Amino acid sequence: MMRQSTYCFRNCKGNNLANWRVIGYYLIPPLLALVVLVGVNFKTDLSAFIIAGDNAEEMLLASEMQSGALSRRYLISIGSGSTEAVSEAFMQPLKARLKAIDGVTEVWSPGQSAVAIETLPAVYGPYAGAWYSLNPEADLAQLFSESGLQQRAELLKKALLSPQGQVVTSLVKHDPLLLSLNAFKAQGLQLQTAQQGNKAYANLVLETAMAGLDVPAQKRIQDTIRKVFNVYNHKAQTHYQLDMTGVPVFAVATQTLVQGDIQLVSVLSTISLLLLFLLVFRSSSALLQVSCLLLTVILAAILITQQVFGYVHGMTVAIGSTLVGICIDYPIHAIAHAQSLKPAQRLPIIAKIWPSMVLGGITTLVGYMALGASGYPGFKQVAVYAASGIIISLLLTRFVLPTVLSTQASRPLNVPFVATWAAFCLRFRPWLLAGVAVVTVISCLGLGSLHWMADMQELTPELDYLKQNDKRIRARMTSIEPGRFVMVTGNTVDAALQTSEAVYKVLDTLKSSPALTDYYGLYPWLLSEHQQVVNKQLLSRYFTPENLARWRQALGQQGLSVEQLGHFNDPQAHTLTLPEVLATPIKKLLDNRVIQGQQQTILMIWLAEHQPEAVKAAVAGIDGAHYFSQRDLLNTMLDTYTDRAQHLLLAGLLAIILILLVRYKSWLKTLQTLAPALLSALIILGFWAVTGAVISFLHLVGFLLVVAICVDYGIFYQENRSGDRALTYQAMGAAMLTSALAFACLLVSDSTALKVLAGVVVLGVVLGYLLCPILIKPNDRQTG
């Protein structure tokens, strides 16, 4: 009686423990969802996911594009829709209304120089003796000649009588020779000359306080800009048209693209996989159990990614949705084998096939780790997300799921066409092997004719409409070629300015040929402290009594006051620095061309129409200066990514071979297990070579994933730990369908990169699965 009571107590205790495990199993997903909702920072900036530089200059430029002045500005174009000019009476009130928008700090016309001209006396007047020239020897010799001083007196008279006479009057107190205007006169106020004269468009620059990649704020501002324009356009009874471009416009558009992909892919893949699972296993309870497991996996993977990176990218979630198709493999094998047996035998059979799951998980992890090292910045997150998900899925399948499955009804698994294909392969295996051999040889012969992608922008054709709009607007506003300039770098601001002054001389020479129509440097707005010192020293030598007498004579001939203007002011000892200039309204003319990092400064010298190779050759000999092209940078990154992906494909393959060799201790068995994965990737490559499809590094990354996933199929088919090969292949079929369906859902996204990746993986996993019974000779003995 005591023994029976003890047995009942232990049995009840065990049942209670199992019940608590089941309750906990179903409670974990909502609890994790609450933590994710409260504690995870989601981002959707595509530039951070896709592009990152490999050197300090590129990284600094990327940082500027994300949070600097370049990222905060809109280029706005108002068109009349005809050849008529846009009314200035319309533009002035519109500027005031736009500036009143919350978050907008300034609105101005691109050629607007009034603020700069009014600022010149205060900013540059006291430093006239240091600022007057980049070539002081030649300029001073000409200025202090007898004819030069007479011409300067004539210029002074005209300036005093001009509409800007009041500004000139305040300037001559410090600078009677108008030396501070010397540079601006020589350069022709270059920012104004850069403007086009198409009166059918009136253009504005609008600057915001928020970074361009602060998408919620920028979306609100864009909506408000359109609303303000439409209301005022209607009120003024005009029919003008509004266009705008800039980093914020691209940011909002790409977030809309990403959000659409996230929602569509996530919902579609989840619903499709759940319906497929329900169709295959014909059990709503099994569907609920696996759904809870997958929700736990995904939510835990998001939290781990948050802990590692401090945020989770939207594209990580979009691509990570395919993780559902991979992580579901393990519970599929567990349920497929457990449902075919009585409840008491289910835990032992899951434990029996567990080593095959672990080995398959390790090989898949190799693929995702290589994916993280591919060079695509966002794939680092995907690798962490996927790796953590696979590990959690394996652990839940082995130690938690069996308890939940203990009450599951027995149902044999029957995936359509699987048994038929297996029987067909068994019957005609020699002929099928010969066919695979022929196709493999043809594929190998075609590899030499693969067409590699040469332009990285082909990966984002979905953004072409934005690029075309940007090109149209910039063509209306300036002759500067966007995305191409001379980039000057230096350890300090002054070092970079000195280098840029050397570049100006080279570009001035190049302007005498058809290779360069014009350029727009930072001088006369900025000048190195070194050049300022040189200018002051040389100018002091010309302040002689003889030159002063000639200057007074020239003033008298023009009827100007010798008493007020007939003197030379000694140059100030202090030099004018970048921070002092940026503390004035001139800042808005410069801050998008000066990027300061902690240990490096970058200056941009804008170029008008030019021949890239000629400019490259001209600046090649100047240390710290080189020609920059955004397209060239992207294409260089593409070459780097492709080369890296080729090495990673080989390294990942060698790692998987080593893992299998350690497991099987047989080259034959290792190669047999790996053959379906390898040949599926090879045959697809050969097919694309024959059809002339363009291949990018993303295809190679996809092949690495194909190998990592399909090796799982080879492992399960080779080891057949349950002893029932037909059941093993049925479970593999269900796993293959879920993986293929999960990646196929990416094909409906708008992202070309995701479509490329999806196409490779879908074809690869299906082909790898079909090749298993052909390439791996059936062996009914179980692997121990």
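Sort 98, 278 by heavy-atom solvent-accessible area, probe 1.4 angstrom, most to least. Don't jump to the answer; show the numbers that get you there.
Working: 98 5, 278 65 Å².
Listed by decreasing accessible area, they come as 278, 98.
Could you work out the Rg to Rh ratio of the stretch 564-630, with Rh taken as the Kirkwood radius (inverse of the mean 1/r over all Cα pairs)?
Details: Rg = 17.7 Å, Rh = 15.7 Å.
Using Cα coordinates only, the ratio equals 1.13.
Test of the criteria: in the stretch 388-448, which chymotrypsin sites (Phe, Trp or Tyr not before Pro) are in a DSSP loop and have at most 11 other Cβ atoms within 10 angstrom of their Cβ?
On the way: sites: 399, 417, 421, 424, 428, 431; in loops: 417, 428.
Those satisfying the criteria are 417.
P(r) tail for the stretch 724-775, what percent of Cα pairs lie past 15 Å?
Details: 650 of 1326 pairs.
Considering the stretch 724-775, 49 percent of its Cα-Cα pairs are separated by more than 15 Å.
Would you check the accessible area of residue 442, probe 1.4 Å, heavy atoms only, in square angstrom rounded to 10?
It works out to around 100 Å².
First check a/c for the stretch 242-332, with a ≥ b ≥ c the square roots of the eigenvalues of its C-alpha gyration tensor; if it is under 1.5, answer rounded, and if not, answer prolate when a/b is larger than b/c or oblate otherwise. Walk me through the intermediate numbers first.
Numbers: a/c = 4.22, a/b = 1.95, b/c = 2.16.
Here the stretch 242-332 falls in the oblate category.
Which of the pairs 43/99; 158/199; 219/467; 95/219; 235/467; 199/471 have their Cα atoms more than 23 Å apart in this structure? Show your work: numbers first, answer last.
Values: 43/99 29 Å; 158/199 29 Å; 219/467 19 Å; 95/219 19 Å; 235/467 32 Å; 199/471 18 Å.
43/99; 158/199; 235/467, as the Cα separations exceed 23 Å there.
Leaving ligands and nucleic acids out of the surface, order 750, 139 by accessible area at 1.4 Å, largest first. Walk me through the numbers on the way to the answer.
Details: 750 85, 139 60 Å².
Solvent-accessible surface, decreasing: 750, 139.
Using 0.36 nm times the number of residues separating residue 665 and residue 42, minus their current alpha carbon distance, what extension gain do you get? Display every interim value, and only then the final one.
Values: separation 623, 0.36 × 623 = 224.28 nm, distance 4.55 nm.
Gain in length upon complete extension: 219.7 nm.
If amide H atoms are built 1.01 Å from N in the plane of the peptide, which residues on other chains or at least 5 residues away come under 5 Å of the amide H of residue 312?
Counting only residues 5 or more places away or on other chains, the set is 41, 42, 43.
If you rank 542, 713 by how much accessible surface each has, with a 1.4 Å probe, what is the order from largest down?
Numbers: 542 70, 713 5 Å².
Accessible-area ranking of 542, 713, largest first: 542, 713.
Just to verify a number: FRET efficiency for residue 352 and residue 462, C-beta to C-beta distance, R0 = 41 Å, to 0.05? Display every interim value, and only then the final one.
Details: r = 48 Å, r/R0 = 1.17.
About 0.30, to the nearest 0.05.
Quick one: accessible surface of residue 97, probe radius 1.4 Å, all protein chains present, in square angstrom to the nearest 10.
Near enough 90 Å² of accessible area.
Would you check the accessible area of residue 395, probe 1.4 Å, heavy atoms only, in square angstrom rounded to 10?
Ignoring ligands and nucleic acids, residue 395 comes out at about 90 Å².
Using 0.36 nm per residue of separation minus the Cα-Cα distance, give me the extension gain between residue 200 and residue 414 in nm, one decimal.
Values: separation 214, 0.36 × 214 = 77.04 nm, distance 7.00 nm.
Taking 0.36 nm per residue and subtracting the Cα distance, the gain is 70.0 nm.
The values are calculated or read from the model by the stated rules, or taken from the named source; none is laboratory data. Predicted, not measured: the structure shown is a model, and the values here were computed from it. Cβ atoms come from the backbone with ideal geometry, glycine included; neighbour counts cover every protein chain shown. The area values use the complete protein model at the heavy-atom level, side chains included, leaving out ligands, DNA and RNA. Shrake-Rupley method; radii C 1.70, N 1.55, O 1.52, S 1.80 Å.
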